[in-house]
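Single-structure report; data block below.
What follows draws every value from the coordinates through simple rules; no lab data is involved. Just so we're clear, the structure is a prediction, and the values are computed from it rather than from any experiment. All Cβ positions, even for glycine, are placed from backbone atoms using ideal geometry, and neighbour counts span all protein chains on display.
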Amino acid sequence: MTTNNAAGLTLSRRQLLKRGAAFGLGASALGLAPAWADPWGQSNAYPQGAVEGNDIALAIRRETLEINGRSARPITINGTSPGPMIRLREGQDATLRVTNLLDEPTSIHWHGLILPAQVDGAPGISFAGIDPGETFVYRFPVVQHGTYWYHSHSGLQEQLGHAGPIVIDAAEREPFRYDREHVVMLTDWTYEEPASVFRNLKSAEGYYNLQERTVADFLAEVRENGFRETARTRAMWARMRMSSRDIADVTASTYTYLVNGQAPEQNWTALFKPGERLRLRFINGSAMTYFDVRIPGLKMTVVAADGQPVQPVPVDEFRIAVAETYDVIVMPEADTAYTVFAETMDRSGFARATLAPRLGMQAELPERRRIADRGMEAMGAHDMDHAGMEDMDHSRMEGMDHAGMEGMDHSRMEGMDHSRMEGMDHAGMEGMDHSQMEGMDHSRMEGMDHSRMEGMDHSRMEGMDHAEGQRAASPANAQGDLLPAGTAQPGSQYDQAGIGIDPDERRILVYRDLKAFRPWPDRRGPEREMEIHLTGNMERYMWSFDGRTFSQVDGPLHFRKDERLRLILVNDTMMEHPIHLHGMWMELENGAGELIPRKHTINVKPGERVSALITADAEGSWAFHCHLLYHMDAGMFRVVKVS
Ligand SMILES: [Cu+2]
């Protein structure tokens, strides 16, 4: 169904959908399945409808709708929230007319689309935004295919459901086959005003974190690890003013997690015929939530990441960072229902849908897993060999107070970056075992007191970088001895599934698995490196790049037009950050050789160091930011200028 003319058509469709919803029917059951005819056979039960064609009108409003049976005030696009699926075809010229019927400026950014800067949709960067009552016409050639999404880039509007899926049909046959497809768009909805969520985050660290350890937890842990160990770990975390459970800033205490706008109880259901190959287009359109997705009873074969075809990877589960997309193929053989289960990374809640041969069927919900405990893992403690730490230079670690860290085991802390840990109080760290700390960067540890570090075993600490000056001497500034293209950075964790999921339990997608379906054209090595640190202050809810928020920086980052650049991202914080670059692909240097995969959003784990190659071919100014909405708003945002 085409909705080229916003208001009238859309209202009547919405009324139909509302009536349909009352009977538990999706759009397809009402005969509203989109009318596009596709040579490879498709159907899509996306319940918010679809718009397609060469001229698409989108009307943005704030209105009262029910979400999960409760009155809500989302921002709607053509009457639904999230908005309709935009269906385009590779090779067409798209015209999208966006009319702002809000009482504040708005915008739409086409996430992951390669297009001219003026129509990218980030206000204040490359266009002025869309004022109330105004219609802005986006016109651009569609040069790619795959699964993407769109969302507001104005203030916190995205949290109000101002987002929707984009599906671009390929000009040529894709390298995989399927009989039917469905969009699965994950979002996090709150009935609170986003501005109030942001205020709460700023006023109290851990405001939404109702999963702080309880006395019962403590006793259970004592039974498992003994009193001494338990007390010690907790005291250390307390001193570092962090909670090992701060995995998500915003949790199910305010969020309802939705699949295609439907809450778990509403159980959005997609149909299949047993034996069919189903393509599921997963989009994480959340403001703040990472999901771990599985379909108990079905193997999923990942065939595309961020819209780009990849070599097929059969998995039982995948973690999808905010703003990423994954396409998977499943083949349900049995005449039975399957649960699509998307548990949040912090385990505070879940989104859920059903795949079934007939409406009204459902499968059991899998058991919820225990709350992930970030623990020392968050500081980069992973399976690594730290043998050989000779020649450690502890000069400049003056003033560090490590007194009282008895018995701490720092083994396996490769890749830790201790920069900017000034003023840390490590009282009580005697007996620390620092064996195997290869690759640590202790630059800028001034002010720390290492007196009373009796009993520490610093043997074998080879390769640590403890000097302020040493960073300047890194290959970043020495043309000619850059790591070869495609090389995984030391400190990367591409083999790690991430916090809280046990890779031994089932096969979980990791970044190392991603290999492009075929090599991308630009095979040049990097001419230059740019290193950016992801930084933050949890207490004050300040998030930034290189220690400075967007409002504190003087000007844009500069990419030279057509240069081949290596962007290194170093996460100095305790949280994951999904980093998004507008306008250009980032080719993730995950060791895939010439099959280097390209992404629009790269997740960087706590303590991790990742790198991407970029062909800076897109002239203009582009947004570069953390895609956690409140982190971006707090200052983890830069402008990249290509000229
Ligand atoms: Cu972030």
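With 22 Å as the limit, write out which pairs from Lys599/Lys641; Lys299/Lys605; Lys561/Lys599; Lys273/Lys299; Lys299/Lys515; Lys515/Lys605 have Cα-Cα distances beyond it, or answer none.
Values: Lys599/Lys641 19 Å; Lys299/Lys605 26 Å; Lys561/Lys599 20 Å; Lys273/Lys299 17 Å; Lys299/Lys515 19 Å; Lys515/Lys605 20 Å.
Beyond 22 Å: Lys299/Lys605.
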| task | Please work out whether segment 511-642 counts as rounded, prolate or oblate from its C-alpha gyration tensor, where a ≥ b ≥ c are the square roots of the eigenvalues and a/c under 1.5 means rounded, while otherwise a/b larger than b/c means prolate and anything else oblate? | result | oblate
| For segment 56-189, what does the alpha-carbon gyration tensor say about shape, rounded, prolate or oblate, given a ≥ b ≥ c as the root eigenvalues, a/c under 1.5 as rounded, and a/b over b/c as prolate? | oblate
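For Arg281, Arg139, what's the fewest-to-most ordering of other Cβ within 10 Å of each Cβ?
Details: Arg281 25, Arg139 14.
Placing the least packed residue first, the sequence is Arg139, Arg281.
Set the Förster distance to 41 Å, then compute FRET efficiency between Thr135 and Arg506 from the Cβ-Cβ distance, nearest 0.05. Write out the running numbers ahead of the final one.
Working: r = 49 Å, r/R0 = 1.19.
So the FRET efficiency works out to roughly 0.25.
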| Neighbour-count order for Glu192, Glu527, Glu181, fewest beta carbons within 10 angstrom listed first | Glu527, Glu192, Glu181
| remark: Per the 1/(1 + (r/R0)^6) rule, R0 = 22 Å and r from the Cβ atoms of Thr487 and Arg524, FRET efficiency to 0.05 is 0.95
| request: Using θ = phi - 60° and the Karplus relation 6.51 cos²θ - 1.76 cosθ + 1.60, list the HN-Hα couplings for segment 72-86 in order, rounded to whole Hz, with x at every Gly or Pro. | output: 9, 10, x, 8, 10, 10, 6, x, 10, 9, x, x, x, 6, 9
| task | Treat each spin label as a single point 7 Å out from the Cα along the C-beta direction, and report the Glu192 to Ser551 distance in nm. | result | 2.1
| request: State whether segment 479-588 is rounded, prolate or oblate according to the following rule on the C-alpha gyration tensor (a ≥ b ≥ c being the square roots of its eigenvalues): a/c under 1.5 gives rounded; otherwise a/b larger than b/c gives prolate, and the remaining case gives oblate. | output: oblate
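How much length is gained if the chain between Asp495 and Glu539 is pulled fully straight, taking 0.36 nm per residue apart and subtracting their Cα-Cα distance, in nm to one decimal? Write down the numbers at each step before the final one.
Numbers: separation 44, 0.36 × 44 = 15.84 nm, distance 3.09 nm.
In short, 12.8 nm is gained.
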| remark: Given a Förster distance of 35 Å, the FRET efficiency implied by the Cβ-Cβ spacing of Arg199 and Ile532, rounded to the nearest 0.05, works out to 0.80
| query | Can you put Ile532, Ile125, Ile508 in order, fewest other beta carbons within 10 Å first? | reply | Ile532, Ile508, Ile125
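How big is the antiparallel share of DSSP beta bridges in segment 516-586, given as a percent to the nearest 5? Don't skip to the answer; put the middle values down first.
Details: 5 of 12 bridges.
Around 40 percent antiparallel, to the nearest 5.
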| What's the center-to-center distance, using Cα atoms, between segment 293-315 and segment 566-617 in Å? | 20
| Relative contact order (percent, whole number), segment 488-643, Cα cutoff 8 Å, 6+ residue spacing | 30
